[in-house]
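Structure first, then comments.
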Amino acid sequence: MAQTEEFGEELADFVRRVTELKAARSVSTAELPAVLDAALFELDHVAAKLWPQPSRGAEASGGPGVSARRGAAADRQEQQLLRAVFQRLPLPVALVDRESVVRRLNFAATIFTGVRAGYATGRPMTGFLAHADRAAFRSQVAAVARGEGDRGLSVHLQQNPRIPVRTVLTGLRPGNEPRTTVLVVLQPADDATVTPASARPTAPVPDLTEATRHAALTDLLDAMTRELLGAPVGDPAESLRRAARVLHGRFADWVVADMGAARLERTAVLGADDEAVRDIAAQDPHGSPLVVEAARGGAPTLLVRPEDPRALGDDASGAPVLVRADVTSLLCVPLIPAPGEPVRGVLTLFRSAGRLAFSMAEAKTLDMMARHIALAMRK
C-alpha cells in the first residue's frame, strides 16, 4: 500500500513538471536547448524509475501460479466464514467507515435498532441517533479510524431515546478494505439483554391493515374539509390556524404554520412542550432553510431521521428546532391553490420518537390537504 502511494506521488510530480515544460515552449531560441535537456531528463526518469513500478509490483505478488489460486480460494472461504459469524453474532454490531457510514449491519442490530440492513447500508449511522449524540459519535469513530485506540460512549437511538445505549468502538482492517473500518457494538446501558425494537413500549408495533390506515386518512380529510368550510371568509390566518388544529395530535406531534411567501409570518405553532412552543413561535421563519425553500420553490419535503440538525434553523433560545422538538420525521409543504399561483404559506409537521415516521401515502394526503387549505385562504 505504501509503495502504491509513493508511486502515485512520483507520478503526480512528473505530470506537474511536464506541464511546466509545456509552458516553457514559448521561451527564446537561445534558451530552448536547456528546456530540451530537461525534457530528455524527464523522459529518462519516467523510463528508468516510474515505468517498471507496475511490473515490480506484479513480480512481488508471485504471479498467477497454482499456489496463488489456492491462496485466493482459501481467502474467499475465510471471508465467507467471517461474514457468517458477523451475521449470527447475538450482539448488535455494525461496520462503519471513518465518516460513520454503515458498511454492514448484522441481524441482531437490525432488530435492536428497528432499521433494515438494506436501508442502513450506505447511510450515516448518526442518522439513527438522537441529535445531541451525533457529533460525539462521529468524532469518536473518526478517532478510532485514525488509529487512536478503542473508544466507548453512551448514545440514544431516535426510535427509543429514553434508554441509553452503550457503544464500544474498535478499529479493524479487513483484508479487502483499503482503510481502517470501525466495528460498533451496541448494548443497552442498563440491561444485558437485547430488547427488539418492536417489543419496546415506546415503539408500538403497527397492527393496522392498509385498509384501516386508508380509512384513517379519509377521516382526516373529512375533518379538514368540514373545518375549512366553516372558516370565516376573508380571514386567511384563521383558516390556517384551524387547519393546524386538525392536524395536531391525530396526524403530527408538532404543527408549524407560516403565512406568506416573499415575507413569511409565523401564524401558529402547536406542540407538546409549552416552553418549546413559545421559542419556536418566536423564531423568524426566514431562518428556517426548509421553510424558505418551500416558500420560494413550492416543493414539498419529506425527511425521515433528518441528518442536519439545523435544517429548520434555530429557535428563539438558540437551539436547533429539530433537536428541541425531538424530530424523527418531518413534512414541509407549500400552500398553493393551483399550479402557477403564488404560495400562500408553508405548513411544517413533525413527528417525535416513539411514533411511526411519515409515509409516502401520508405525504400525498397532506399535499392534497395543502391545496384545500390554500383555496380556503384565498376565499
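The values are calculated or read from the model by the stated rules, or taken from the named source; none is laboratory data. All values reported here derive from a predicted model rather than from experimental measurement. Please note: Cβ atoms are built from the backbone with ideal geometry, for glycine as well, and neighbour counts cover all protein chains shown. These area figures cover heavy atoms from the full protein model, side chains too; ligands, DNA and RNA do not enter into them. Shrake-Rupley method; radii C 1.70, N 1.55, O 1.52, S 1.80 Å.
Worth pointing out:
- Of all residue pairs spaced 6 or more apart or on separate chains, those with beta-carbon atoms under 9 Å, a first member in segment 218-234 that is under 15 Å from ARG250 (Cβ atoms) and a second member that is at pLDDT 90 or above and in a loop (DSSP other than H, G, I, E, B) are LEU220/PHE251.
- Filtered residue count, segment 271-313, keeping only those that are out of contact with any Gly (no Cβ under 7 Å at 6 or more places or on another chain), more than 17 Å from MET259 (Cα to Cα) and not aliphatic (A, V, I, L, M): 11
- The set of residues in segment 333-376 that are on the phi > 0 side of the Ramachandran plot and either of a type in the set (Val, Ile, Thr) or without any contact (Cβ under 8 Å) to a residue 12 or more places away in the chain (or both) contains only GLY340.
- Test for PRO236: is it under 28 Å from the mean Cα position of the chain (by Cα) and surrounded by 13 or more Cβ atoms within 10 Å (Cβ to Cβ): no
Okay, residues lined up against (1) in contact (Cβ under 8 Å) with a residue 12 or more places away in the chain; (2) not in a helix (DSSP H, G or I):
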residue	(1), (2)
PRO90	yes, yes
LEU95	yes, yes
VAL102	yes, yes
ALA108	yes, no
ILE111	yes, no
VAL115	yes, yes
GLY118	no, no
GLY122	yes, yes
GLY127	yes, no
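- Just one of (1) at pLDDT 90 or above; (2) surrounded by fewer than 22 Cβ atoms within 10 Å (Cβ to Cβ) fails for PRO334. It is (2).
- Taken as a whole, the structure leaves PRO161 outside the set of residues that are open to solvent by 30 Å² or more (accessible area, probe 1.4 Å), out of contact with any His (no Cβ under 6 Å at 6 or more places or on another chain), under 30 Å from PRO124 (Cα atoms) and at pLDDT below 80.
- Output for segment 329-356, where each listed residue is farther than 14 Å from TRP254 by Cβ and small (Gly, Ala, Ser): ALA338, GLY340, GLY345
- The residue that is nearest to the chain's Cα centre (by Cα), counting only those in segment 264-307 that are within 22 Å of ASP367 (Cα to Cα) and basic (Lys, Arg), is ARG305.
- Scanning segment 343-365 for residues that are modelled with pLDDT under 90 and assigned to a loop (DSSP other than H, G, I, E, B), we see that the one that is most open to solvent (accessible area, probe 1.4 Å) is LEU356.
- Search result, residues across segment 289-330 that are under 23 Å from ARG123 (Cα atoms), open to solvent by less than 50 Å² (accessible area, probe 1.4 Å) and in a helix (DSSP H, G or I): LEU290, VAL321, LEU322
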